[in-house]
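*Asks:* Before we start, here is the structure in question, set down as structure tokens.
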Amino acid sequence: MRVFLRLRRWSHRTQAFLYVVVTAIAFLYLFPILWMFNTSIRPTQDIYKYPPTILPGAVTLENYTYVLTQMENFQRYFLNSVVVTLATVLIVLLASTMGGYAFGMREFPGKGLLFMGIVFVLTIPYIMYLIPIFMMEDRLGLLNNWLGLILPYVALNLPWGLLIMRGAFSTIPLEIRDAAIIDGCNEFQMWWKVLVPIARPAVAATTIITFVFAWQDFLFASTLMTDNLWQTLPVGIVWLRDELQTLVYGRIGAMLILSILPVFVPFLLLRDFFVKGLSEGMLKG
């Protein structure tokens, strides 16, 4: 009995220690974001006062108002990011859920070899595609338009989506598919109304991975979009920072917070699905 009590106390202490360590690590990762937010809501004179203070002496939304209403081209950069990201996510979700169903629940010639080819594509660094994609889009006239970014983003994210969705669909018992067919569903209805809802965690994981990649990409956007008006937000922020000519930290912080929110909020809402979808899709896939 005493041994059991000692083990239980040791277990509680270990859990408490782990919570402290995890909290400290999380704070280290969140500190830059919290500091940016703290800077973005402070007046300029409060940022530069000496000695510096951690908490703002006054709170203002002036920096956000300036960025949203007076900073040239910010709305355009934001619109470009929204259109490119949403289009990429929708196409990748549609293709990966269909392809994942085919790889996970159907049999066809060359299935294993084709899937191995998809996995092999994931081993190639993204930068290796940059020059060939630029040359192809230059010849096709796809530079400096939304489609010129949507197509490469879909091509780069679709293998990840297929890997996750294939693992998710392969965990669904075939009896569910057979029962839906017996109840009168055609293949499309069975896929859309029965199987996709079951694979929601994997769909959420694919959505977040694709959204984050398309929203935060700098390399392809800066290379394929040579016209300033077609730049996405990550590249546009660099242009806007140079236009300020001075390090106005409050306005730079406001730009960064506004660019983070579209990624941060969906992740908070879908975090449980994201973790479950990755664990199911990746391990089984």
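*Asks:* Please give the Cα centre distance for the stretch 18-74 versus the stretch 182-246, rounded to the nearest Å.
*Replies:* The stretch 18-74 and the stretch 182-246 have Cα centres spaced 27 Å from each other.
*Asks:* Comparing Leu30, Leu122, Leu270, which has the greatest mean-square fluctuation in the GNM of the chain with Cα pairs linked when under 10 Å apart?
*Replies:* Leu30
*Asks:* What FRET efficiency do you get for Thr226 and Phe264 if R0 is 41 Å and r is their Cβ-Cβ distance, rounded to the nearest 0.05?
*Replies:* For R0 = 41 Å, the calculated efficiency reads 0.85.
*Asks:* Taking other Cβ within 10 Å of each residue's Cβ, how do Leu162, Leu258 sort, fewest first?
*Replies:* Ordered by Cβ neighbours within 10 Å, fewest first: Leu258, Leu162.
*Asks:* So, one more: What residue among Thr123, Thr207, Thr65 shows peak mean-square fluctuation when the chain is described by a Gaussian network model with Cα springs under 10 Å?
*Replies:* Thr123
*Asks:* Next question, about the same structure. Classify the stretch 137-236 as rounded, prolate or oblate, taking a ≥ b ≥ c as the square roots of the eigenvalues of its Cα gyration tensor: rounded when a/c is under 1.5, otherwise prolate if a/b is larger than b/c and oblate if not.
*Replies:* Here the stretch 137-236 falls in the prolate category.
*Asks:* What list of ³J(HN,Hα) couplings, whole Hz, do you get for the stretch 255-261 from phi and the Karplus terms 6.51, -1.76, 1.60, once you set θ to phi - 60° and write x for glycine and proline?
*Replies:* Per residue, the Karplus-derived 3J(HN,Hα) values read 4, 5, 5, 5, 7, 7, 3 Hz.
*Asks:* Let me ask something else. So if R0 is 22 Å, what FRET efficiency would Leu34 and Ala58 give, r being the distance between their Cβ atoms, rounded to the nearest 0.05?
*Replies:* Between Leu34 and Ala58 the formula returns 0.75.
*Asks:* When Rg and Dmax of the Cα atoms in Å is calculated directly from the model, which label among [x] 22.7, 77; [y] 23.9, 78; [z] 18.2, 56 fits?
*Replies:* Derived directly from the coordinates: [y].
*Asks:* In whole percent, what relative contact order does the stretch 1-158 give with Cα contacts below 8 Å and a gap of six or more residues?
*Replies:* Computed value for the stretch 1-158: 20 percent relative contact order.
*Asks:* Another question about this same structure. What nm value, rounded to one decimal, do you get for the distance between Val22 and Asp183 when each label is placed 7 Å out toward the C-beta?
*Replies:* 3.7 nm
*Asks:* In percent, how large is the relative contact order of the chain, given Cα pairs closer than 8 Å and 6 or more residues apart?
*Replies:* Once normalised by length, the contact order is 30 percent.
*Asks:* On to the next question. Could you tell me which chymotrypsin sites (Phe, Trp or Tyr not before Pro) in the stretch 129-236 are loop residues by DSSP with no more than 14 other beta carbons within 10 angstrom of their beta carbon?
*Replies:* The qualifying sites are Phe218.
*Asks:* If I stretch the segment between Asn73 and Ile127 completely, what's the gain in nm (0.36 nm per residue apart, minus their alpha carbon distance), one decimal?
*Replies:* Here the answer is 16.7 nm.
Throughout, read-outs are computed from the coordinates displayed, never taken from laboratory work. Since we're looking at a predicted model, the values are computed, not measured. Here the Cβ is made from the backbone with ideal geometry for all residues, glycine too, and neighbour counts use every protein chain on show.
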